[in-house]
Structures are given as structure tokens and as C-alpha cells.
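Quick note: the coordinates plus some simple rules give every number you see, no bench work behind them. Note that this is a predicted model, so its numbers are computed, not measured. Positions of Cβ are backbone-derived with ideal geometry, glycine not excepted, and every protein chain shown enters the neighbour counts.
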Amino acid sequence: MRRAGVLLHPTALPGAPACGTFGAAARQWVDLLADHGIKAWQLLPLAPTDGLGSPYSSPSGFALNPWLLDADQLLADGLIDAADHSALPTGGDPQRLDLQLAQQRADALAEALLRRHRQWPAEQRQRFERWSRQERAWLVDHCRFWVLRERFGAQPWWQWPEPLARRHRSALRQLEADAADLLLREALMQWQLQEQWRGVLAHARRRGVQVIGDLPFYVAHDSADVWSCRRLFSARPDGSLTLQSGVPPDYFSATGQLWGTPVYRWPLHRLNGFRWWLRRLQHQLALFDLVRLDHFRALAAAWCVPGGDTTAERGRWRPSPGDSLLRRLQRRCRTEVPPLIAEDLGVITPDVEALRDRYRLPGMKILQFAFDGNPENPYLPDNYRGSNWLVYTGTHDNATCIGWWNSLGDEQRRQVESLVGPVQAPGWQLLELALASRADWALVPLQDLLHLGDEARFNTPGTSTGNWQWRLGCPLEAISGPLLGLGEMARRHQR
């Protein structure tokens, strides 16, 4: 089915202080999409963020971001009371995510859940216990990690006292005894986050809106996953890395990009049947209809850099067993095509394309990349082979289309106008190209739909301030017009 959709992260939704949530605004957003015939909603990772707000460098490969828990929904469900709700911190700029306020509200909600949970009806407590047992494979160590992180002032796990850093059984048993309430508090938080998100997902499915998630390829060095499963990663017992992730030097960077996350010890993953990877993928696939796998090319081969290096220059390509992993996922899902999207941007080699095509995974096209003067540019719509693509005007890492247009030189502008005519609204004109293309999916960031400039840019790679904080800043009803326009254009192009 040909579909049109919008890229919008829930943190950008209006209606709650500090940060968008899984509450009423998320359902209203789904309704607006469905009412206008827009059939897809793409998000960024829903994981907890790093200290700068990035969901791509998360301390957990399984947990959900506590900032997204909706207080109004908890009150309506009887899980907190009116006094808890009225005591929550308020304020913040409705047009910017407030990281500090978002965390303060999340902490207050976690305390309220812990304080009230013994007063819940027995059926509610039993549902929590069932969920805890079902999620035990990741939940127990996630809660331990979160409590220890708080205890030691956000120090990385390798700087904790050795018995805890190296997971001595006696130290973990002592933690269970000393911090039972804190461990329970985190589990309650994660339960309600999943409950609320599953409610949003069920609503989207009822309204015929496909929900597309996003999964980073690597997990953070300082994460529950590396701490609890260290042997699966390129980390020594003292936390130092034997190898780290990145990409090689190229036109954009003479020293390459050094990401600093551990790479996978694939032989050990093979030995245990890719258990951690399959658990992680299946966990994500239970939260979405389709999942975009970031840095898909590393399933064919990954650029591995010596752990002590400060640039990516001395790395080398090491093969990955992506074919074996995808084959196992295929069997688990009982479907010929695993419900994944291959993020195949950048310099992609034939082995990566072969892996993507072997499993018939859709790839990605970005129209902002199409205008370099090369008539064979693979991002030009006339050069798409087949229809199994998602085509975007831009992504969360790009400038908005207005910012992009303003940065172009005269020659590039002439190339754009040769395809779309005189440019007045670059986002909408690139969107028309996307919708008219043969790609099965055409997606647009909400900022481009609203004709916003780079003041609304979500992320600028290589920078460490001001990212991940854009919010809509107006009621959702106020953007019904642009969504109506997108819906009309989508129908005209049989989407």
C-alpha cells in the first residue's frame, strides 16, 4: 500500500509541561492523521536519553523514556491522586523541551506511583506482577542499573565500587535487600510507560495509522545492557573498550566519526543464538508496526576503531553476521519479510545492498541529498529502483527544508527548480516530489509541513547544545490546515 506520513517525536507534542507525553495529545495527533487520510506516523527512539537529550545514546536498549509518562492519564486511571497531581513541578517554555523540568516531573511521578501502589485494587497489582514476570529478562537489570546510577551520582558503571561494577552476586543480593523500594519504583514507572504507549499504539491501529519506530544499532557504553551483558560487547572488566564504533574518514570528515560505543563480540552472540539481539528486536517490534534500524550497514560490516584512539582513522571494517541474525528473526516473526526498515544512508557497499534486498527490507531516500549535479544521484526520484523505499524531504538530522534551501548556492537552486519549478515553499515542493515518486512511503517532518526554518531544527550532528528540544508550541487543532493539505495531496497521488 502506498502511504503518506509525518515524522514527529512524542516529546514535541503540546499539552503537557516540560515535554510531550503519551497522553491525550498523542491520541489527538493520531486522530488528526487518520481524519485527514494520513496513514503513517514515524517516531525517533522512545528510549531514555543521554545527558544532552539524545535518544540515540541511551542508557537502556529496552526501557522507555520516563519523561513521556502522562500525569493526567495516571490520575484518570486512579494510580495517583489529585494531591500528587497538583504537587507536580510546572512551568517551562511550551516551545522547548525543558530537560531539567522533565526529569523533575518524572521523579515526582515515580515517587507518587511507589507511594500509592499498595492502595491499588488487587487486580491492578496482579497485572503489574504479571507484566514484571514477562519482562524480567531486561527489567531486573535495568532497575538495578537505574538505582545504582542514582546512588553514585550518575557516574559510569565502571567507576562504581568493584563488587557492583563487576556484578558480584553478594553485592547484587545486598542491593535487592537495601533498595527494594527504589527498584520497585523504577519497575512501576516502566510498567506504566508501556501501558500508556500500548494504549496509543492500539488507538493508532484502530484508526488505520501505521506507527514506525526507530532503533539505534549500538547501545551506550554506560548502559544497563553493557553493564549486565559485558561479555557480549567490546568492554574489558574495568570498563575500558578494546574496540569502539565509528565510521571511516570521508568527504565530510578527514578523521572520520568516532562514536565511542562498544561494538559487538559477534562470536559470542552466535554461540548463544543471538539471544540478546533477538530479545531486543522482538521487544521493539511489540511496540511498533515497523522499526527503522539505524546504521543498518553495520549488519554487513562495522567500522571498528581501537578502544584508546581519539579519531576514527585507524579503524577497519569487520564483518558482521547480519544474514544469520535476520534469518533467525525471520523465523521468529514467521514472515518472509522482517518488519524492519534499513537505514541505508551514506556510502553503502554492494554487500549492504545485497543483505537489505535478500530480506526485501525497504531502504531510505532523502530528497535534500538529491541535488549535487549528478544525473545518476540515487536520491533523485527518477533513479529509484522499484518501490520498496521510504522517501523523506529530510530527517531529524537535517536542516528544515527552508534552512536547507537558504544554504544552497545558485547552481544547486537551479537544479532544484528544474524539477519543482520556482521555489516558494521548499518543504511542500519537495513533498510533492516525494508523493509523486514510486516509493511506497513518502514522509515529511512536521517542521517542513509547517514551513518552519532552522529555529525548529531537531538535531545538528556534531554539536552538543540546543538539540532534541523543539516542541510544537501550539494546540494541535491549529495545524489541521497543513495536515488537510497533506491528505489532499496524498489522495491525488493515490496514497
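Quick one: if you stick a label point 7 Å off each Cα along the C-beta vector at Glu336 and Asp72, how many nm between them?
It is 4.5 nm.
Placing +1 on the Cβ of each Lys and Arg and -1 on the Cβ of each Asp and Glu in the chain, which of Ser253, Gly473, Leu43 has its Cα farthest towards the positive end of the resulting dipole?
Leu43
Quick one: dipole size for segment 315-367, taken about the Cα centre, charges +1 on Lys/Arg Cβ and -1 on Asp/Glu Cβ, in debye to the nearest 20.
Working: 11 positive and 7 negative charges, 65 e Å.
In total the dipole reaches around 320 debye.
Of all DSSP beta bridges in the chain, what percent run antiparallel (nearest 5)?
On the way: 14 of 39 bridges.
Approximately 35 percent, going by the DSSP bridge assignments.
Once you have a ≥ b ≥ c as the square roots of the Cα gyration tensor eigenvalues for segment 358-495, tell me rounded if a/c is under 1.5, and otherwise prolate or oblate according to whether a/b is larger than b/c.
On the way: a/c = 1.38, a/b = 1.20, b/c = 1.15.
Rounded shape, in that the Cα axes give a/c under 1.5.
Please give the net charge around Arg27, taking every other residue with its beta carbon less than 13 angstrom from that of Arg27, where Lys and Arg add +1 and Asp and Glu add -1. The partial results should precede the final answer.
Values: positive: Arg198, Arg205, Arg206, Arg207; negative: Asp31, Asp35, Asp70, Asp72.
Here the count lands on 0.
Tell me, what ³J(HN,Hα) does each residue in segment 375-388 have, in order and in whole Hz, if you take phi through Karplus 6.51 cos²θ - 1.76 cosθ + 1.60 with θ = phi - 60° and put x for Gly and Pro?
Per residue, the Karplus-derived 3J(HN,Hα) values read x, 9, 3, x, 8, 6, x, 5, 9, 6, 8, x, 10, 7 Hz.
Mind checking the full-extension length gain between Gln95 and Leu52? Use 0.36 nm per residue of separation minus the Cα-Cα distance, one decimal, nm. Mind dumping the intermediate values first?
Working: separation 43, 0.36 × 43 = 15.48 nm, distance 1.75 nm.
Here the answer is 13.7 nm.
Can you give the calculated 222 nm mean residue ellipticity of the chain, where each DSSP H run of n ≥ 4 adds -39,500 (n - 2.57) and the sum is split over every residue, rounded to the nearest 500 deg cm²/dmol? List each step's numbers first, then the result.
Numbers: 19 runs with 200 residues, N = 495.
Calculated at 222 nm, the ellipticity per residue is -12000 deg cm²/dmol.
I need Lys39, Lys365 ordered by Cβ neighbour count within 10 Å, fewest first.
The order, fewest Cβ neighbours first, is Lys39, Lys365.
May I ask you to sort His117, His269 by Cβ crowding, counting other Cβ atoms within 10 Å and putting the fewest first? Each step should come with its number before you reach the end.
Numbers: His117 17, His269 21.
Ranking His117, His269 by Cβ neighbours within 10 Å, fewest first, gives His117, His269.
Under a Cβ-only charge scheme (Lys and Arg +1, Asp and Glu -1), can you give me the dipole magnitude of segment 58-182 about the Cα centre, in debye to the nearest 20? Please list the in-between numbers first.
Values: 17 positive and 18 negative charges, 132 e Å.
That gives a dipole near 640 debye.
Send over the semi-axes of segment 1-92's equivalent ellipsoid, whole angstrom and largest first, taken as the square roots of 5 times the C-alpha gyration tensor eigenvalues. Provide the component values of the computation, followed by the final result.
Working: eigenvalues 126, 75, 25 Å².
Semi-axes (√(5λ), whole Å): 25, 19, 11.
Binning at 10 angstrom from zero up to the longest distance, how are the C-alpha pair distances of segment 222-353 distributed in percent?
11, 39, 36, 13, 0
With the calculation restricted to Cα positions, what are the radius of gyration and Dmax of segment 371-420 in angstrom?
Calculated on Cα positions, Rg and Dmax stand at 11.9, 33 Å.
What Kirkwood radius, in Å to one decimal, follows from the Cα pairs of segment 38-129?
Here the Kirkwood hydrodynamic radius works out to 15.0 Å.
Mind checking the alpha-carbon convex hull of segment 24-177 and giving the volume per residue in Å³? Could the numbers behind the result be given before it?
On the way: hull volume 25.5 nm³, N = 154.
Once divided by residue count, the hull of segment 24-177 is 166 Å³.
What is the ratio of the Cα radius of gyration of the chain to 2.2 N^0.38 Å, where N is its residue count, to two decimals? Walk me through the intermediate numbers first.
On the way: Rg = 22.8 Å, N = 495, 2.2 N^0.38 = 23.2 Å.
Taking N as the residue count of the chain, the ratio is 0.98.
What is the order of Cys229, Cys401, Cys143, fewest Cβ neighbours within 10 Å to most? Provide the component values of the computation, followed by the final result.
Values: Cys229 19, Cys401 28, Cys143 25.
Starting with the residue having the fewest Cβ neighbours, the order is Cys229, Cys143, Cys401.
Putting +1 on Lys and Arg Cβ atoms and -1 on Asp and Glu Cβ atoms, find which of Gly427, Ala312, Ile212 reaches farthest to the positive end of the dipole of the chain.
Ile212
Calculate the FRET efficiency for Ala82 and Thr311 from the Cβ-Cβ distance with a Förster distance of 35 Å, rounded to the nearest 0.05. Please report the intermediate quantities before stating the final value.
On the way: r = 55 Å, r/R0 = 1.58.
Computed FRET efficiency for Ala82 and Thr311: 0.05.
Would you please give the residues with an amide H less than 5 Å from that of Ala302, counting only those at least 5 places away or on a separate chain, with H modeled from the backbone geometry?
Sorted by chain and number, the residues that satisfy this are Arg318, Ser320.
Can you give me the Cα centroid spacing of segment 380-427 and segment 314-356 in angstrom?
Taking the Cα centre of segment 314-356 as reference, the centre of segment 380-427 is 28 Å away.
Calculate, in whole percent, how much of the Cα-Cα pair population of segment 148-241 lies beyond 15 Å.
Values: 3133 of 4371 pairs.
The calculated P(r) of segment 148-241 puts 72 percent of pairs beyond 15 Å.
Can you give me the pair-distance distribution of segment 289-387, C-alpha pairs, 10 Å bins, whole percents?
Reading the bins upward from 0: 14, 39, 31, 15, 1.
In segment 185-226, what is the volume of the convex hull around the alpha carbon atoms, normalised per residue and reported in Å³?
Details: hull volume 3.1 nm³, N = 42.
With only Cα atoms used, segment 185-226 gives 73 Å³ per residue.
Could you tell me what percent of the DSSP beta bridges with both partners in segment 237-354 are antiparallel, to the nearest 5? Numbers along the way, then the final one.
Working: 11 of 14 bridges.
Beta bridges within segment 237-354, antiparallel portion: roughly 80 percent.
Given R₀ = 35 Å, what would the calculated FRET efficiency be for Arg492 paired with Ser418, taking r from the Cβ atoms and rounding to 0.05?
E(calc), rounded to 0.05, equals 0.95.
How big is the Cα convex hull of segment 85-241 in projection, averaged over all directions, in nm²?
12.4
Find the centroid of the Cα atoms in segment 82-146 and in segment 157-222, then give the distance between the two in whole Å.
So the two Cα centres are separated by 11 Å.
Let me spell out the model: positive unit charges on the Cβ of Lys and Arg, negative unit charges on the Cβ of Asp and Glu, origin at the Cα centre of the chain. What dipole size does that give, in debye rounded to 20?
On the way: 57 positive and 53 negative charges, 452 e Å.
Computed charge dipole of the chain: roughly 2180 debye.
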